[in-house]
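Report on the following structure.
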Amino acid sequence: MSPSGGAEPPPYFAGAAPSGAGQPPPGWSAAPPPPPPYGWAPPPSGWGAPQAPRPGIIALRPLGVGEILDGAFTTIRRYPGATIGLATPVLFVVEALQLLTSYSFLNGINSGVTTSNDVNVTNITNAIGQVLTVDSIVAVVTLIATALLSGIVATVVGQGALGRPMSAGQAWHSSVPAIWRLLGASLAVLFIPALIAAASVLPGVVIALIGAGTSSHAAVVLGVALAVIGGIAGSVFALYVAISLSLTTPALMLEKQGIGAALRRSRVLVRGSWWRVFGITLLAGIIGAVIAGIIAAPFTLLGGGMSGIFSGSVTTQFRFTTLLLSGIGGLIGGVLVRPFTAAVIALLYLDRRMRAEGLDQTLQQAATAGTR
């Protein structure tokens with residue numbers, strides 16, 4: 001345990017893979033084994049090699065899709081303080097700021113723009129500028145919160161793989177010192193695909209603008225066509241890059257990597273298994289969206305159904321109440337969903353290392369040593 005009270009990541013996670021990682025261990029043949037003799041049948045279920053140990057949230061062997069999803073839920077159940085407990089205050093700040101921003105947006109538009117007898121371009125421009133300013137603040141706070149929660153959950157999963165206890169205080173103290181690296185890595189993972197997508201559209205947009213300025217219809221058509229084709233191709237490539245970088249946070253936290261090294265580490269781990277990582281990430285996102293939608297639905301319906309009750313001030317009281325109820329539903333859903341999706345990413349990282357680098361053998365040895 002560190003002097004600050006936080007639990008250090010297990011030593012078996014530290015450092016990148018040694019040279020030759022991913023190759024069969026000594027004594028293993030790279031060639032497939034010969035076929036069994038005629039008449040041979042597999043032994044009954046339960047016979048043969050012993051089952052992989054499971055001291056914590058997962059079995060210490062390469063994981064199936066169901067095991068990754070189950071491990072994510074198990075992480076939340078086994079470490080509620082370090083997951084839900086820390087997610088609640090962090091997301092509360094985000095939701096509170098989002099509520100104030102949305103209320104300011106709706107109230108400002110109704111009272112200062114749409115219902116004004118003196119609507120002009122200046123009023124609208126000022127309103128949009130104010131909204132964009134506050135929304136930018138919300139986006140920054142959300143990014144910081146998401147980066148911090150992802151780092152916390154990655155640390156919890158690393159400890160939970162061996163069943164080691166981790167309190168909310170330990171998870172917090174072990175993650176906060178890395179907040180700037182987490183934030184930088186999150187910005188890189190977010191903006192690198194976004195820049196790729198924007199760059200793919202830019203040439204077509206420039207050609208279209210030049211054509212519009214010179215009244216050249218052919219140039220405008222060509223520019224629009226290039227922007228559409230480039231946008232589609234760029235979006236596909238941006239998605240590929242985004243998935244390739246999706247394991248950056250657990251690599252950064254569990255291996256104590258820098259930002260650039262963690263980005264490269266994620267790319268190496270995803271290589272050769274892109275479709276599997278993409279499919280599991282997509283599935284986790286769908287599950288999270290369904291859970292969040294089910295939780296938020298009653299609050300949204302309740303807020304809409306109270307429109308006739310709060311009639312004192314339609315532009316302020318009712319809308320604020322509606323946004324407040326929606327915010328409560330979003331907070332509850334986020335507290336459950338964000339740790340779940342972050343745990344899936346961390347477990348995917350462990351699975352990739354177990355499959356490509358034999359990390360499961362190291363973890364089994366650590367588990368055996370821990371029981372002596």
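The values are calculated or read from the model by the stated rules, or taken from the named source; none is laboratory data. Bear in mind the structure is a predicted one, so any value in this text is a computation, not a measurement. Note: ideal-geometry Cβ built from the backbone for every residue, glycine included; neighbour counts use all protein chains shown.
A few points about this structure:
- Considering A343, A367, A356, the condition of being of a type in the set (A, V, I, L, M, F, W, C), part of a helix (DSSP H, G or I) and modelled with pLDDT under 75 is satisfied by A367 alone.
- Restricting the first member to the stretch 61-74 and to residues that are over 19 Å from P339 (Cβ atoms), and the second to residues that are assigned to a helix (DSSP H, G or I) and among the acidic types (D, E), the beta-carbon pairs closer than 8 Å and six or more apart or on different chains are R61/D360; P62/D351; P62/D360.
- The requirement of being within 21 Å of L325 (Cα to Cα), modelled with pLDDT under 90 and either part of a helix (DSSP H, G or I) or more than 24 Å from the chain's Cα centre (by Cα) (or both) is fulfilled nowhere in the stretch 160-179; no residue meets it.
- When residues of the stretch 232-282 are limited to those that are touching a Pro at 6+ places or on another chain (Cβ under 6 Å) and of a type outside the set (G, A, S), the one farthest from S200 (Cα to Cα): L254
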